[in-house]
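The structure appears right after this line, and notes come after that.
Any read-out appearing in this document is the output of simple, stated calculations on the displayed coordinates, not a laboratory observation. Here the structure is a predicted model, which means the values were calculated and not measured. Glycine also receives a Cβ, built like all others from the backbone with ideal geometry; neighbour counts cover every protein chain displayed.
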Amino acid sequence: MSGKVVKVSGPLVVATGLADANMADVVRVGPQRLIGEILTMNGDSASIQVYEETSGLGPGADVITTGAPLSVELGPGMIENIYDGIQRPLEEIVKAAGANITRGIELPGLSREKKWEFTPTVKAGDKVVGGDVIGTVPETVSVLHKIMVPPRLSGEILSIQAGEYTVTEPVGILLDDKGERHELKLMQTWPVRVGRPYKHKYPPKTPLLSGQRIVDAMFPVAKGGTAAIPGPFGSGKTVMQHALAKWSDVDIVIYIGCGERGNEMTDVLREFPELVDPRNGEPLMKRTVLIANTSDMPVAAREASIYTGITIAEYFRDMGYDVAVIADSTSRWAEALREMSGRLEEMPGEEGYPAYLSSRLSQFYERAGVVECMGSDEERRGSLTAVGAVSPPGGDLSEPVSQATMRIVKVFWALDASLAYRRHFPAINWLNSYSLYLDSLKPWYDENLGEQFMRNRDRAMAILQEEASLNEIVQLVGKDSLSPGDQLTLETAKMLREDFLQQNGFLEVDWYSSYERQDKMLQMILDYDKLCRAAIAKGARTADLFEIPFREKMGRAKTVPDESFPTVYAEMAREMETQIDAAVVKGGEDA
């Protein structure tokens, strides 16, 4: 079915003669067959969001509908790939059209030539339902791709056999409950704006280990949870997201570069193949899918890129994997919404953003969660963790995107430009950040790390908050006028900030920190605080306590190699006690 263009306004195209088309249908516009999506219908007139540059397009051009919504191809070949916002493989585009993306280029999301080794896990005569695993494909060294029955199909397997297949060749035949035959292939398609179904959603109860001490110990995010990283330009949002993508204990990472600068995506492309996955020693790209819709690519496609990424993530979640979606950034995505809303002449909300901004953000974040996957296998559970960066202009967290995000997500890692300028990374401000998962994660921490861990975490946060209030007094009257106890609070807070929370992303031993190591470091610092308070009560001088050799060793504790830190830390703790006892004796002699 085809219509005619009557109006072109940037990425918005209005066409008539499309009475039988549906909202959300994908269309091809003009002689170059630009890809677009129907946003609204009014009689036979359709407003179309075009995902490519529309210069040169004018009234009278043909618009042809495909009759299908914007969908992604799901199957072997996605891992290690880099797509644009509408799942066109950029590496294949380079081979076909050169360095610049030709407008209207049509390439499938999955290679039609590559053959995959398929091993069935069911046999002829077996009854299956939607979501059941019928076989496996070793996609990369890190990922075993599970081939599933499409969610809406169920019936009996008539035939299935092992062998090498392309994604479009049938690997088996399924006879459904109505007596119809369906070919089972390695690939299935799914509309991006519709969440994939699941049996049951559970509250998240397991922390996502990121290897970043301020995240894991202070503001943890749960597997299947939601988190936001807001911060002004230069405060380290991308640094933080790269760290999460590199070291989070998930099976698959979907990294969405939504409207960010091209050089940041280039950094990811160059770094990830060189970085070693701590799980199996393979390159990190072996479990990563990249979606690049950078700031110089069409604005409208940013809006689709978020949905493309989360649909791919849901597909891997349905296999029973833990998946992390990292969106950089939702502010640029909201700008695309604002652009289209303005061109549609909708009533604007605050600061020109559409009135439905908050509900659209909710639709993205609500697709995260821990779920019991579709299928007859009751043990298969997967999780999808969504982390979105927010780039408020000038770091103003009162603007609409930040406020809407804060109402939705459970973890808020507020980045601070002043910390970044002091080279304190991760530059997460411990006074403005929060995690609402602490209560639900406490049973896991108590069981796996002991009840002392959460008590230490609360004590450390209390010391850091106390430091903030003491700093105001210090600015007025100076540090020397404080009581010995308050001076010790400032020194302990300094150790927490510099020796515990600060991490060096370029130092191999420090770019990832295990829970055991975090637990021992935090315990040592708090033991120092406790022993020093007792020593001050016995007459020790604060100057002697602050100058003991342990302080210097604690500053270098994060550089101790992984294989030797338990013995080194135990020796440091013994030395600390001896040195503090010596300071007490010296204080008594001086008195």
Margin query: As I understand it, the dipole of the chain uses +1 on the Cβ of Lys and Arg and -1 on the Cβ of Asp and Glu, about the Cα centre. Which of 474, 58, 370 lies farthest toward its positive end?
Written below: 58
Check: Considering only DSSP states other than H, G, I, E and B, which trypsin sites (Lys or Arg not before Pro) in the stretch 502-591 qualify as loop sites with at most 15 other Cβ atoms within 10 Å?
Finding: 538, 556
Notebook entry, point to check: Using unit Cβ charges (K, R positive; D, E negative) and no other charged atoms, how large, in debye to the nearest 20, is the dipole of the stretch 320-442 about its Cα centre?
Noted result: 340 debye
Check: Given 2, 297, 235, which one lies farthest toward the positive end of the charge dipole of the chain, if we put +1 on the Cβ of every Lys and Arg and -1 on the Cβ of every Asp and Glu?
Finding: 2
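Given the Cα-Cα distance of residue 22 and residue 62 and 0.36 nm per residue of separation, how much length would full extension add, in nm?
Working: separation 40, 0.36 × 40 = 14.40 nm, distance 1.71 nm.
Extending this stretch completely gives an extra 12.7 nm.
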Next item on the list: Place a label point 7 angstrom from the Cα of residue 282 along the Cα-to-Cβ direction, then list the residues of the stretch 305-327 whose backbone nitrogen is under 17 Å away.
Entry: 316-317, 319-324
Notebook entry, point to check: Over the chain, what is the relative contact order in whole percent, taking alpha-carbon pairs under 8 Å and six or more residues apart?
Noted result: 13 percent
Notebook entry, point to check: In a solvent-free Debye calculation with one equal scatterer on each Cα, what is log10 I(q)/I(0) for the stretch 134-291 at q = 0.15, 0.17 Å⁻¹, listed in the order of the q values?
Noted result: -1.03, -1.18
Checklist line | C-alpha center-to-center spacing [the stretch 226-247, the stretch 74-120] in angstrom | finding: 28 Å
Item checked: Structure-based [θ]222 nm, the chain - -39500 (n - 2.57) summed over DSSP H runs of at least 4, per residue, nearest 500 -> -10500 deg cm²/dmol
Check: Once Rh for the stretch 225-296 is found with the Kirkwood sum over Cα pairs, what is the Stokes-Einstein diffusion coefficient at 25 °C and 0.890 mPa s, in µm²/s?
Finding: 190 µm²/s
Note to self: So for the stretch 386-442, averaging the separation of alpha carbon pairs under 8 Å that are six or more residues apart and normalising by length, what relative contact order in percent results?
What the structure shows: 27 percent
Next item on the list: Report, in whole Å, the centroid distance computed from the Cα atoms of the stretch 429-443 and the stretch 274-326.
Entry: 26 Å
Next item on the list: Can you figure out the FRET efficiency of residue 379 with residue 552, using R₀ = 56 Å and their beta-carbon distance, to the nearest 0.05?
Entry: 0.65
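Which entries of 201/223; 199/223; 127/201; 410/494; 123/286; 114/199 show an alpha-carbon separation above 23 angstrom in the structure shown?
Beyond 23 Å: 127/201; 410/494; 123/286; 114/199.
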Next item on the list: Give, rounded to the nearest 20 debye, the magnitude of the charge dipole that the stretch 480-591 has about its Cα centre when Lys and Arg contribute +1 at Cβ and Asp and Glu contribute -1 at Cβ.
Entry: 180 debye
Next item on the list: Run the numbers on the stretch 510-591 and let me know its relative contact order in percent, using alpha-carbon pairs under 8 Å that are six or more apart.
Entry: 47 percent
Check: Hey, got a sec? Which chymotrypsin sites (Phe, Trp or Tyr not before Pro) in the stretch 208-287 land in a DSSP loop and have at most 16 other Cβ atoms within 10 Å?
Finding: 233
Item checked: Peptide ranges 194-202, 459-467 listed from the most packed, as the mean C-beta count within 10 angstrom indicates -> 459-467, 194-202
Checklist line | Extension gain from residue 181 to residue 469, taking 0.36 nm per residue of separation minus the Cα-Cα distance | finding: 96.5 nm
Item checked: Rounded to the nearest 20 debye, dipole of the chain from Cβ charges on Lys, Arg, Asp, Glu -> 540 debye
Next item on the list: Could you rank the peptides 15-21, 482-488 by their average count of other C-beta atoms within 10 Å per residue, with the highest value first?
Entry: 15-21, 482-488
Next item on the list: State whether the stretch 512-585 is rounded, prolate or oblate according to the following rule on the C-alpha gyration tensor (a ≥ b ≥ c being the square roots of its eigenvalues): a/c under 1.5 gives rounded; otherwise a/b larger than b/c gives prolate, and the remaining case gives oblate.
Entry: prolate
Note to self: Filter the chain for me: DSSP H helices, axial length by Cα at least 27 angstrom, mean Kyte-Doolittle hydropathy not below -1.0. List them by residue number.
What the structure shows: 299-318, 451-477, 515-537, 565-590
Next item on the list: Out of all DSSP beta bridges with both ends in the chain, state the antiparallel percent to the nearest 5.
Entry: 70 percent
